[in-house]
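Let me begin by presenting the structure, written as structure tokens, before commenting on it.
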């Protein structure tokens, strides 16, 4: 017997020794669990982080839609739980019947005693009766509603600071919160996705105020005036908007090739034309030629061999409120910027010489602040006149040589001619596709100066679309002129639409950032992964919006109007699609159909 017991206990001792030295098994819970959890009366410590739970215990009489959104928008990490417990309408009606009896009795008693009326009692009576009516007609239902919030910070001081921020947000709306003292563990669990309501601090609430607590609301861009931009993908409502209703009518469009930006802009143009708004396009690829033909507009080809000429020395006709001296001076400054691009840069001495030479060039044609501005249009000088003035000045040999290629030879057909075009139609396109690439920034500058002079001479609603604007942003003078156009256009009822797919180069320029800042409308369509980080930084996009732009379908994107922005899907009718489509296959089919129709006629 003794030997048997010794064997038994000896075996148990061996088993115990083996268990002691066995390797412990780990699972997922050991990996994700914090190294330490400490539960205090007013917070929890999770490893190196601190957590604190709160509950909402008081609400005002009225709640506005989206009142919880400022809390959601805080950068502080937090967990939020809503607990909505339905309550039997029959039970609530019984309690309301008792309550309305008590309130009405108190009101009658005060009247019998001759006391002054109590507005609080009368308001309570009306609210109870209104709620009873809605419950009895099934327009409303009653619920017990609880909101619990758990915030996370790296120190107790940051917890206190975040608590003050939360209190200020809520109390500004007459809503009050309390920390879950001695119930931090229950608050932490209630805010985790277990569906367990362990705090049980509830407020009776009917359907209408309960619906205002939903924190994720989508903006609506529907108005009685304006045009259809597309469908709001958040709620399937129509985006009807008038760009001229904002502080400025400027717009920037950032999108990669093939995202549908040209299609969207053509639709906007077509719809504004139907409202009597003039539209002017600077088209680098002759994409708008078919649209100009369809709406009876003018398509002007700008190239060295084109019959259309623009004189760089053209002047605007001063308006009734304009000072002729200021107009002339501004024109000279712009011309110096143009010549800086044409001549490949200027030294400070050359800059001063050109300023004086331009003033003399206008003076020999009797264009001075003292002359009659009505005669300016008939006496406009040419580039060759400017060259003659330079030749008569000392120290201008280099300038004369450089300017010579624009007054003689092939270049002179474009740069040394009087303007022979007129913008008398509501839709005008300047096609610069055939202009030599090295001269394209210069041509863009000249075209924009001509448009600006025309805009200043007559006040009218206009939209100017500058496609592939990065061409102009290549030089500081071009970028500066474009920024001036965007900034000053509002005074002349002009909305400038700047389109580019080379976002990185556009945003490198300080003028590019300023153009975005001075544009109340922005349209972001499908972006490349190389540009999306800079786009996210400039427009303060969320991670969801960032990936949405990377994966956006053709014709979809984010549409910003002032402070509001929505996820837009561009839509067009069948007739509109035939006019504005840029799909090569559809364009080819339409051209073929026109040929067949012409042959039959």
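The values are calculated or read from the model by the stated rules, or taken from the named source; none is laboratory data. For clarity, every value in this text was computed on a predicted model and none was experimentally measured. Using ideal geometry, Cβ is built from the backbone for each residue, glycine included, and neighbour counts are taken over all protein chains shown.
Just to be sure I understand, how many residues within region 390-417 are in a loop (DSSP other than H, G, I, E, B) and either crowded, with 18+ Cβ neighbours inside 10 Å or at negative phi (or both)?
12
Run residue 292 past the list (1) within 17 Å of the chain's Cα centre (by Cα); (2) assigned to a helix (DSSP H, G or I); (3) within 30 Å of residue 334 (Cα to Cα) and report the number of the one that doesn't hold.
Result: residue 292 fails condition (1) only.
For the list (1) surrounded by fewer than 17 Cβ atoms within 10 Å (Cβ to Cβ); (2) modelled with pLDDT of 85 or more, I need the number of the one condition that residue 250 fails.
Of (1) surrounded by fewer than 17 Cβ atoms within 10 Å (Cβ to Cβ); (2) modelled with pLDDT of 85 or more, only one is false for residue 250: (1).
As an exercise: evaluate residue 432 against (1) surrounded by fewer than 19 Cβ atoms within 10 Å (Cβ to Cβ); (2) within 32 Å of the chain's Cα centre (by Cα); (3) over 21 Å from residue 276 (Cα atoms) and give the number of the one condition it does not meet.
Unmet condition: (1).
Are any of the residues in region 438-450 farther than 19 Å from residue 485 by Cβ and either buried (at least 19 other Cβ atoms within 10 Å of the Cβ) or in the same structural domain as residue 262 (by TED's automatic domain parsing) (or both)?
Checking region 438-450: at least one residue is farther than 19 Å from residue 485 by Cβ and either buried (at least 19 other Cβ atoms within 10 Å of the Cβ) or in the same structural domain as residue 262 (by TED's automatic domain parsing) (or both).
Please work out which one of (1) in the same structural domain as residue 335 (by TED's automatic domain parsing); (2) part of a helix (DSSP H, G or I); (3) at pLDDT 85 or above; (4) within 22 Å of residue 303 (Cβ to Cβ) is the condition residue 387 fails and give its number.
(4)
How many residues does region 341-383 hold that are more than 19 Å from residue 396 (Cβ to Cβ) and surrounded by 12 or more Cβ atoms within 10 Å (Cβ to Cβ)?
Selection size over region 341-383: 11.
Is it the case that some residue within region 418-428 is touching a strand residue (DSSP E or B) at 6+ places or on another chain (Cβ under 9 Å), surrounded by fewer than 18 Cβ atoms within 10 Å (Cβ to Cβ), assigned to a loop (DSSP other than H, G, I, E, B) and at pLDDT 85 or above?
Yes, region 418-428 contains at least one residue that is touching a strand residue (DSSP E or B) at 6+ places or on another chain (Cβ under 9 Å), surrounded by fewer than 18 Cβ atoms within 10 Å (Cβ to Cβ), assigned to a loop (DSSP other than H, G, I, E, B) and at pLDDT 85 or above.
Identify the residue in region 147-174 that is within 15 Å of residue 58 (Cβ to Cβ) and either touching a strand residue (DSSP E or B) at 6+ places or on another chain (Cβ under 6 Å) or not assigned by TED's automatic domain parsing to the domain that holds residue 50 (or both) and, among all such residues, is surrounded by the most Cβ atoms within 10 Å (Cβ to Cβ).
Here the residue is 148.
How do the pairs read when you match residues in region 180-195 that are on the phi > 0 side of the Ramachandran plot with residues anywhere that are in a loop (DSSP other than H, G, I, E, B) and surrounded by fewer than 17 Cβ atoms within 10 Å (Cβ to Cβ), using Cβ under 9 Å and keeping only pairs 6 or more apart or on different chains?
Qualifying pairs under 9 Å: 182/41; 182/42.
Restricting attention to region 224-237, report how many residues are in contact with a strand residue (DSSP E or B) (Cβ under 9 Å, 6 or more places away or on another chain) and at pLDDT below 85.
Summing the residues that are in contact with a strand residue (DSSP E or B) (Cβ under 9 Å, 6 or more places away or on another chain) and at pLDDT below 85 in region 224-237 gives 6.
Taking helices (runs of 4 or more DSSP H) that fall entirely within region 490-601, which contain at least 1 residues that are touching a strand residue (DSSP E or B) at 6+ places or on another chain (Cβ under 7 Å), assigned by TED's automatic domain parsing to the domain that holds residue 294 and without any contact (Cβ under 8 Å) to a residue 12 or more places away in the chain?
Fully inside region 490-601 and qualifying: nothing.
Return the residue satisfying two criteria in turn: it lies in region 337-373 and is part of a helix (DSSP H, G or I) and under 25 Å from residue 458 (Cα atoms), and of such residues it is modelled with the lowest pLDDT.
Per the stated criteria, the residue is 373.
I need the helices (runs of 4 or more DSSP H) fully contained in region 27-119, keeping only those with at least 3 residues that are out of contact with any helix residue (DSSP H, G or I) (no Cβ under 9 Å at 6 or more places or on another chain) and closer than 24 Å to residue 135 by Cα.
In region 27-119, the matching helices (runs of 4 or more DSSP H) lie at 89-112.
Can you name every residue in region 238-257 that is in a loop (DSSP other than H, G, I, E, B) and in contact with a strand residue (DSSP E or B) (Cβ under 8 Å, 6 or more places away or on another chain)?
Residues satisfying the conditions are 242, 246, 248, 249, 250, 255, 256.
Looking at residue 429 and the list (1) closer than 30 Å to residue 286 by Cβ; (2) assigned by TED's automatic domain parsing to the domain that holds residue 333, which single condition is not satisfied?
So the condition that residue 429 fails would be (2).
Just to check your reading of the model, which residue among 548, 541 is buried (at least 17 other Cβ atoms within 10 Å of the Cβ) and out of contact with any helix residue (DSSP H, G or I) (no Cβ under 9 Å at 6 or more places or on another chain)?
548
Of the conditions (1) assigned to a helix (DSSP H, G or I); (2) within 17 Å of residue 312 (Cβ to Cβ), residue 380 fails just one. Which one is it?
Condition (1) is where residue 380 drops out.
Kindly indicate whether residue 413 is modelled with pLDDT under 85, farther than 30 Å from residue 298 by Cα and not assigned by TED's automatic domain parsing to the domain that holds residue 282.
Criteria not met by residue 413.
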